[in-house]
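Just so it is clear, none of the values below were taken in a lab; they were calculated from the coordinates. Computed from a predicted structure; not experimentally measured. Using ideal geometry, Cβ is built from the backbone for each residue, glycine included, and neighbour counts are taken over all protein chains shown.
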């Protein structure tokens with residue numbers, strides 16, 4: 001192997017061993033975020049010749065730095081960003097020095113792009129918050145600091161930029177630092193540092209500037225190279241969410257995934273959740289041989305000594321150090337969807353490799369990210385942040401977000417659009433007896449009075465229909481049942497929610513003890529009317545097929561159901577048609593074998609106030625007539 005090859009290999013090995021620092025920049029519009037990152041990359045000699053040439057040309061054509069190079073153009077890649085001189089989307093850049101590798105997320109300053117900052121900061125170890133020295137601490141500064149705290153970022157650098165515009169005045173810098181310290185003490189950020197600089201001129205960016213002899217700290221690059229972040233990872237609590245069960249052959253069964261936290265070694269005792277079965281780690285196999293230990297954020301495969309049934313979404317932990325195992329918890333929530341939150345929606349909640357249904361039991365408050373004030377609201381809108389109580393369909397295995405980012409974070413997915421609508425940071429579990437009651441005093445009064453908690457308009461919105469009754473009357477053999485069952489099928493195919501009630505079904509159960517005398521028939525139909533009313537109250541269309549020969553009884557049924565919800569349809573068939581359709585039934589009635597037969601020994605009163613009078617000769621056409629009527633009356637569909 002040649003000397004050149006050896007040098008390349010040594011360089012690659014050395015580069016592979018470098019520590020990685022993920023950081024984000026935040027600040028108000030035109031505070032110089034993109035310029036700072038561009039300057040870091042330029043002064044650290046991390047630009048290729050073609051990049052530098054393009055940067056110089058772009059600076060002349062569309063730059064905002066006068067005769068100087070506009071370093072912001074290295075980051076502002078979108079056309080709209082270059083035209084306006086602002087950052088809109090998150091821009092990621094990678095560069096490295098002799099000491100460390102860096103991934104920088106340049107995040108937007110506008111409040112309307114809060115969700116973009118959350119995205120960029122979700123994996124960051126450090127945040128650089130820029131302040132314009134001519135403006136001092138402003139609302140956006142506080143908002144970005146709060147978001148950094150919310151994301152659990154342990155290290156914050158307040159970069160007081162544009163010191164050249166205030167003649168590198170120490171008092172201006174000291175006043176800004178004092179003002180910022182008053183605010184940041186309210187938040188949980190353990191490491192806060194202050195650096196004065198001029199990103200455009202390069203002062204204190206890579207090298208210490210001679211123009212600020214009163215500053216005795218490190219330059220920005222020196223600080224980024226030396227800040228200690230490895231201890232920020234949780235190496236104490238072993239958490240291994242299983243992503244995939246690996247079975248390359250019948251002799252090997254391994255569990256693959258990314259270590260969320262903790263360290264694991266062969267021989268360690270582990271517990272599988274939720275089964276709580278215990279085994280030991282046999283090996284940590286890799287392509288290049290077995291590992292002696294593994295740690296976050298490594299993606300590994302674990303082989304256990306025992307055959308334990310473990311699937312995707314389950315978790316391996318140490319038996320003496322368990323995570324929270326709960327279905328109820330509180331979390332801070334950042335709403336990221338264009339559509340406002342609907343707390344009645346059953347979302348999908350994805351946490352690590354685990355996905356389950358979840359509901360929002362309560363929204364405790366919304367946080368004003370500019371002032372930290374809290375207010376009670378019923379829902380969150382785009383970019384808003386609040387504290388909510390959740391219940392999941394199955395048990396989650398998690399730690400509080402402040403203790404373990406990887407197991408304490410989750411996303412909410414809308415079940416219909418499949419959009420990621422929110423990100424959440426778990427505060428802690430809640431026992432079921434701590435859960436807030438979702439029932440108000442007014443609702444309790446309704447319950448005591450037997451009134452449902454779901455309004456008619458809510459049913460209409462859900463089903464796209466009104467809960468009303470189609471009451472079909474007509475003689476035996478008139479074809480009313482054929483019409484009713486065919487109508488039920490057609491409405492079902494169209495997507496309506498319906499229930500069919502007919503005489504034989506009700507008499508075989510609910511009215512089993514009743515005969516066909518006028519008194520018992522009236523009781524039978526009264527029961528049917530009450531069933532129809534209950535169905536209508538719950539937004540369901542009821543189709544009732546009954547002879548109901550008395551006009552007086554039909555009016556009584558309408559009163560029970562509600563006259564505005566009662567739609568009377570008459571299947572008007574001649575007696576000859578009915579006898580031909582049910583010859584044996586009418587023969588028995590005419591011979592006296594059957595009593596109380598409408599049209600034979602009992603009168604069938606022609607119905608009044610009918611909405612439709614139909615003929616049995618063409619059922620398909622008559623069904624279309626009813627469907628048209630339902631649409632015109634806005635019963636189904638409502639809209």
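Average 1/r across all pairs of distinct alpha carbons in region 295-418, invert it, and you get the Kirkwood radius: 16.3 Å.
Note down the relative contact order for region 324-434 as a percent, whole number, built from C-alpha pairs under 8 angstrom at least six residues apart. Walk me through the numbers on the way to the answer.
On the way: 282 pairs, mean separation 43.0, N = 111.
That works out to 39 percent.
The long axis of helix 33-43 is offset from the longest Cα principal axis of the chain by roughly 40 degrees.
Quick one: compute a quarter of the convex hull surface over the Cα atoms of region 239-317 and quote it in nm².
Working: hull surface 18.5 nm².
Result: 4.6 nm².
Per-residue packing, averaged as other Cβ atoms within 10 Å, sorts the ranges 613-623, 587-597 into the order 613-623, 587-597, beginning with the highest. Take the Cβ atoms of residue 418 and residue 631, set R0 to 30 Å, and the FRET efficiency comes out at 0.45.
Highest mean first, how do 231-237, 381-387 rank when packing is the count of other Cβ atoms within 10 Å averaged over residues? Don't skip to the answer; put the middle values down first.
Details: 231-237: 14.3, 381-387: 18.4.
Listed from highest to lowest mean packing, they are 381-387, 231-237.
Of the peptides 286-294, 155-163, the order by per-residue mean of other Cβ atoms within 10 Å, starting with the highest, comes out as 155-163, 286-294. Across region 456-632 the C-alpha pair distances fall into 5 Å bins from zero in the proportions 1, 8, 17, 21, 21, 15, 9, 4, 2, 1, 0 percent. Summary of the geometry: region 507-578 and region 177-239, compared by the centres of their Cα atoms, lie 79 Å apart. The reciprocal of the average 1/r between distinct C-alpha atoms defines the Kirkwood hydrodynamic radius, which for the chain equals 30.9 Å.
Entry for region 534-577 at q = 0.20, 0.28 Å⁻¹: log10 I(q)/I(0) = -0.73, -1.16, Debye formula applied to identical alpha-carbon scatterers, no solvent contribution. Based on Cα contacts under 8 Å between residues 6+ apart, the chain shows a relative contact order of 8 percent. Reported to the nearest whole Å, the Cα centre-to-centre distance from region 250-265 to region 366-423 is 29.
A straight line joining the Cα centroids of region 606-639 and region 277-333 runs 63 Å.
Kindly provide the helix-only [θ] at 222 nm of the chain, computed as the sum of -39,500 (n - 2.57) over DSSP H runs of four or more divided by all residues, to the nearest 500 deg cm²/dmol?
Details: 18 runs with 187 residues, N = 639.
Helix contribution divided over all residues of the chain: -8500 deg cm²/dmol.
Against the chain, whose longest principal axis comes from its Cα atoms, helix 551-561 is set at around 20 degrees.
Between the helical axis of 49-62 and the longest alpha-carbon principal axis of the chain there is an angle of about 70 degrees.
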